[in-house]
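*Asks:* This is the structure, below, for whatever I ask next.
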Amino acid sequence: MMPTDRNPPTADIQVTAAEIADLAAVSRAAVSNWRRRYDDFPEPAAVAPGGGDLFRLDEVERWLRDRGRLTGPMDREKSLWQAVEGMRNALPPDQILQIGAAFLSWLSLDHDRHYKSVHEARRQGELADAVGLSVATLRRVLPDDDAFQHIFEPLRGLGGSLYTPLLSALLDLATESDDLGELFEVMLGRLGRLRVYGASDFESTPSLSDLMIKLADPTGVVYDPAAGQGGFLLAAATYGHQHRRQVSLAGQEINRDALRIARSRSLAHGLEANLHAGNSLLFEEDMTIYADVVLCEPPFGLRWPDDPDPLDPRWFAGPPTEANADLSWVQYAIYHLRPNGRGYVVLPTGSLSRGGREGAVRRELLRRGCVEAIIGLPSGLVKGSSLPTSIWILRSLGEPSPGSVLLIDAAAASGHETRTALDDATTTAIVESLRRFRDSPADFPPVSGFAVAPSVMDLLGGDGTLAPSRWTTEPADPADAIASIERAVASLAEARDRAQQAPAVLAVRVSSLETPRATVKVGELVEAGALELIKGVPIPRDLETSPNGAPVLRSPWSRRLDDVERRVLPTLLRGKPKLTEPMDVVVMVVGRVPRAFVDSVGGHLLPDFMQALRVKGATADPVVLAALLSAPSNARFVAGNTIPRL
């Protein structure tokens, strides 16, 4: 097959400033500086969905090469970039990723035989058809294992020219490389940038993953009950290999697409991992699994769909609150630890101080000696969330407690600024502090403003609050506090005296100067042709799912434990539903409050509680429109689950 049939021209590919930084192996700030300093830096060619400039790849490549800065993976991965760009209008990025992941897993099973067969099929112009046929044959020879069948599901019945560019690009890269695992990470990174605005994420940031692994120092059985795409487990396996340790991997994940990526990732890296599908809190696959290390970054703030069973042995410190499942993950991790094992759970900082039933659970965990350390982190270390978070470091049940808990305030060390990564010095200080505490808990020397080890009795006396900032901040001197108050009172009295001596000011009516606020109904914009309204349709929960179906768009604000991704065939639904297109504004009502967000990818089915507005022409900016529709003042216009006018 000719190259022109496989990939779009290089000039058609557009890249963001962040991707330019990756290609040149520099920071994003460096790219911003180049744009300001160099008049010949390529001009933006378009605006990315959700904002930000896009640049033509061929112009960027030429500019970087002329200055000797093309040190990134540009040339080697160009065909993959071209393939993804060529498919984005036909398939959602998540589906492209699923196909690519399954293909690399398939290549890893029988390297020589599969490479030879697909190269021959490509020469005959039948690459996708050959892969689909081979996978169908594979089902008859592989063990009747749900995990294997699940991995290769996206390749079944594959055929036609649509998939050829992606498969061909990956085949070329795999032929050149002796490390399919590295290639898998390249593909995951490339497609991981293309996500629906507000959608959940299933991969931890590299900085957080690095810190968790250095703290855990994993060996033996490593378990992740919210495995996502398997990032923590892969990091643990890599660490074990580097330090010549035996590491066994196990995990469970509720989202089957994320689980498929985790399974495919393990195959591509040549790892054995026992990964199950399921909801760890509600329907646990294996209650008897016990691990030396539990690593977990669960979804935050989930609500229980039903009252938790108070007799469940996992809730040994007290039944969880129905409104928030955060501390359920803490108890879950402890329950699944082997003697002397350790758990590491990432949760919002609010879990350290909330009262009510959560406060009672937290105090019971302290009494039992299950909390070894708390590390307060700055905002920005968790993908898709601006919340400050903390790492709970947990002991196994029945293990003797030293009677104190290590509290580290890494957020203060970073100036309480939002960070996407911790600097090396802070990471080293955290890890070394934990090591010193474990060596001699009673003699741990406090570090002002950073680390302290209060006794469990002191913590219980403080109502079980574990926020590090409360304990690492030195109390103010009473004399200084009194002097400060006296100075403030004197300043206030002086300001009052000046105000009383000031001349009277003539009151002026300014209401007449106000500009009348213009309003417009969404219906009027639809009638005028500025917007197109796309209505959602009922999607029965018992409707059969299909890997070839369209993904059902989920609410970014859903907090239900049983809200999982579904794919259904539109032909099975009533009313001939329309799929969303990139930059459609999706509107819904959450708790009688209007909410709107931009679907930057498109290709989704809308359930009946959602509607979408499609901007026609250049009449409005979708991001601005979503923000206007989400204004709290529009709550008075909510009738049922719609927003009839703005």
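The values are calculated or read from the model by the stated rules, or taken from the named source; none is laboratory data. Every value quoted in this text rests on a predicted model; they were computed, and no experiment measured them. Here Cβ is always computed from backbone atoms with ideal geometry, including for glycine, and neighbour counts include all displayed protein chains. Side chains included, ligands, DNA and RNA excluded: accessible areas come from the protein's heavy atoms. Shrake-Rupley method; radii C 1.70, N 1.55, O 1.52, S 1.80 Å.
*Asks:* What FRET efficiency comes out for Glu43 versus Ala627 if R0 is 22 angstrom and r is the Cβ-Cβ distance? Round to the nearest 0.05.
*Replies:* Details: r = 28 Å, r/R0 = 1.26.
For R0 = 22 Å, the calculated efficiency reads 0.20.
*Asks:* In addition: If packing is taken as the average number of other Cβ atoms within 10 Å across a peptide's residues, how do 212-222, 608-618, 463-473 rank, most packed first?
*Replies:* Highest mean packing first, the order is 212-222, 463-473, 608-618.
*Asks:* Where does each of 396-408, 20-32, 158-170, 482-494 land if you order them by average Cβ count within 10 Å, highest first?
*Replies:* Most protected by this proxy first, the peptides run 158-170, 396-408, 20-32, 482-494.
*Asks:* Follow-up. Could you list which residues have their amide H under 5 Å from that of Val405, counting only those 5 or more apart in sequence or on another chain, with H placed in the peptide plane?
*Replies:* Here Val456 satisfy the definition.
*Asks:* Compute the FRET efficiency between Gln149 and Ala495 as 1/(1 + (r/R0)^6), taking r as their Cβ-Cβ distance and R0 = 45 Å, and round to the nearest 0.05. Mind showing how you got there, number by number?
*Replies:* On the way: r = 75 Å, r/R0 = 1.68.
The computed FRET efficiency comes out at 0.05.
*Asks:* Starting from the amide H of Asn324, placed 1.01 Å from N in the peptide plane, find each other amide H under 5 Å away whose residue is 5 or more places distant or on another chain.
*Replies:* Trp304
*Asks:* Taking the full set of protein chains and a 1.4 angstrom probe, give the accessible area of His269 in square angstrom, rounded to the nearest 10.
*Replies:* Rounded to the nearest 10, the figure is 60 Å².
*Asks:* Using modelled amide H (1.01 Å from N, peptide plane; none on Pro or chain starts), what sits under 5 Å from the amide H of Val294, excluding residues fewer than 5 places away?
*Replies:* Here the answer is Tyr223, Arg342, Gly343, Tyr344, since their amide H atoms fall under 5 Å of that of Val294.
*Asks:* Sort 124-131, 350-357, 93-100 by packing, meaning the average of other beta carbons within 10 Å per residue, with the highest value first.
*Replies:* Working: 124-131: 19.6, 350-357: 16.8, 93-100: 22.4.
Per-residue Cβ counts within 10 Å, averaged per peptide and sorted highest first, yield 93-100, 124-131, 350-357.
*Asks:* Just to check I understand the Karplus step: with θ = phi - 60° and J = 6.51 cos²θ - 1.76 cosθ + 1.60, what whole-Hz values come out for the stretch 341-351, glycine and proline as x?
*Replies:* Listing the rounded values in order: x, 9, x, 9, 10, 9, 9, x, 4, x, 5 Hz.
*Asks:* Further, regarding this structure: Of Lys383/Lys578; Lys535/Lys578; Lys383/Lys535; Lys576/Lys616; Lys521/Lys616, which sit over 19 Å apart, Cα to Cα?
*Replies:* Beyond 19 Å: Lys383/Lys578; Lys383/Lys535; Lys576/Lys616.
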